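*Asks:* One structure follows; several queries about it will come next.
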Amino acid sequence: MHPMLTIGVRAARAAGQIIMRGFNELDRVQVDTKGVNDFVSNIDKEAEAAIVQQIRKSYPDHSIVGEENGENRGSSSDYLWIVDPLDGTNNFVNGVPHFAVSIALQVKGKTEVAIVYDPVREELFSAVRGQGAKLNDFRIRANNPNDLSKSLVATGFPFKARQHTETYMKLFAEAFASCTDIRRAGSAALDLSYVAAGRIDAFFEIGLKPWDIAAGDLLVREAGGTVAELSGGHNYLISGNIVAGGPKTTALLVKKFRPQLSEALKR
């Protein structure tokens with residue numbers, strides 16, 4: 001196993017233990033508001049601290065950027081860990097058992113290692129650049145149906161970017177009219193992992209952050225899928241506007257989405 005993947009997995013499992021202890025005692029979980037429709041719990045913070053501790057033990061010079069504590073810069077700028085300790089906080093605090101730990105490692109700007117860990121189902125999605133993607137110890141592959149009518153599509157609502165609601169509803173209508181059905185489960189990291197595993201055929205969302213996307217992006221690409229902006233561009237880690245799936249499915253969705261995009265989402 002790639003040595004940095006080993007450390008990432010160890011960190012994800014340590015965070016998963018904290019998350020599951022909290023999930024089994026939700027009445028003790030403290031929830032604060034970061035912004036409009038944006039929540040953080042003490043479990044998010046404790047899980048992120050556990051991840052940072054595991055990484056720092058082996059790689060004290062690496063930089064780490066996390067959803068809760070921002071950037072923790074090390075002496076080496078070549079190595080950057082991108083961490084979401086609990087993707088799906090709203091699910092977690094409401095007792096919905098669908099959330100994950102997401103960890104990615106970028107080396108000189110390229111994502112080399114990805115881990116998405118679902119502690120409820122004990123499913124570990126992982127990828128190393130150039131070596132494919134796995135679910136636990138088994139190789140996974142993205143689906144690539146020939147047309148959207150045979151596709152199950154996942155999405156996420158832009159609840160933190162409601163200025164895009166009107167455009168999003170147009171995209172939803174385009175996808176819903178074309179595909180078999182649509183799912184909205186509440187964790188972008190798991191949605192992307194499910195695309196990589198062939199459980200769903202495509203995923204799209206507006207206004208995500210790098211820690212939501214970085215690990216799932218590599219998982220999808222190493223599973224044979226493609227990832228793009230809604231307009232078809234490749235700046236999705238910065239824009240946060242993403243569509244992912246098998247190459248044919250992604251291309252078909254981009255073709256349908258592009259005419260519906262507002263000027264803000266075409267950039």
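*Asks:* Quick check: pseudo-label points 7 Å beyond the Cα along Cα→Cβ at S58 and I238, how many nm apart are they?
*Replies:* So the label points at S58 and I238 sit 3.1 nm apart.
*Asks:* At a probe size of 1.4 Å, how large is the accessible area of T250, to the nearest 10 Å²?
*Replies:* 10
*Asks:* Work out the FRET efficiency for D27 and F159 from their Cβ-Cβ distance, taking R0 = 35 Å, and round it to the nearest 0.05.
*Replies:* 0.90
*Asks:* Next question. Pairs of Cα atoms under 8 Å, at least six residues apart: use those to get the relative contact order of segment 162-267, whole percent.
*Replies:* Relative contact order here is 27 percent.
*Asks:* Per-residue HN-Hα couplings for segment 146-158, Karplus 6.51 cos²θ - 1.76 cosθ + 1.60 at θ = phi - 60°, whole Hz, x for Gly and Pro?
*Replies:* 6, 9, 5, 5, 9, 10, 9, 10, 10, 8, x, 7, x
*Asks:* What full-extension length gain, to one decimal in nm, is calculated for V120 and H98 as 0.36 nm per residue of separation minus the Cα-Cα distance?
*Replies:* Contour length minus the Cα-Cα distance gives 7.2 nm.
*Asks:* Taking 8 Å as the Cα distance limit and 6 or more residues as the minimum spacing, I'd like the relative contact order of the chain as a percentage.
*Replies:* Computed over the chain, the figure is 16 percent.
*Asks:* Could you count how many Lys pairs in the chain have their Cα atoms under 15 Å apart, skipping same-chain pairs fewer than 8 positions apart?
*Replies:* For the chain, the number of qualifying lysine pairs is 11.
*Asks:* For V107 paired with Q131, estimate the spin-label separation in nm (one decimal), with each label point 7 Å from Cα along the Cα-to-Cβ line.
*Replies:* Computed distance between label sites V107 and Q131 equals 1.0 nm.
*Asks:* Here's a follow-up. Taking 0.36 nm per residue of sequence separation and subtracting the Cα-Cα distance, how much length would be gained by fully extending the chain between R184 and Q17, in nm to one decimal?
*Replies:* The R184-Q17 span can extend by a further 57.6 nm.
*Asks:* State the three equivalent ellipsoid semi-axes of segment 152-260, derived from the C-alpha gyration tensor as the square roots of 5 times its eigenvalues, in descending order and whole Å. List each step's numbers first, then the result.
*Replies:* Details: eigenvalues 63, 48, 34 Å².
The three semi-axes for segment 152-260 are 18, 16, 13 Å.
The values are calculated or read from the model by the stated rules, or taken from the named source; none is laboratory data. Here the structure is a predicted model, which is why all the values come from computation and not from measurement. Heads up, the Cβs are rebuilt from the backbone with ideal geometry, glycines too, and the neighbour counts pull from every protein chain shown. Areas reflect the complete protein model, heavy atoms only, side chains present, ligands, DNA and RNA absent. Shrake-Rupley method; radii C 1.70, N 1.55, O 1.52, S 1.80 Å.
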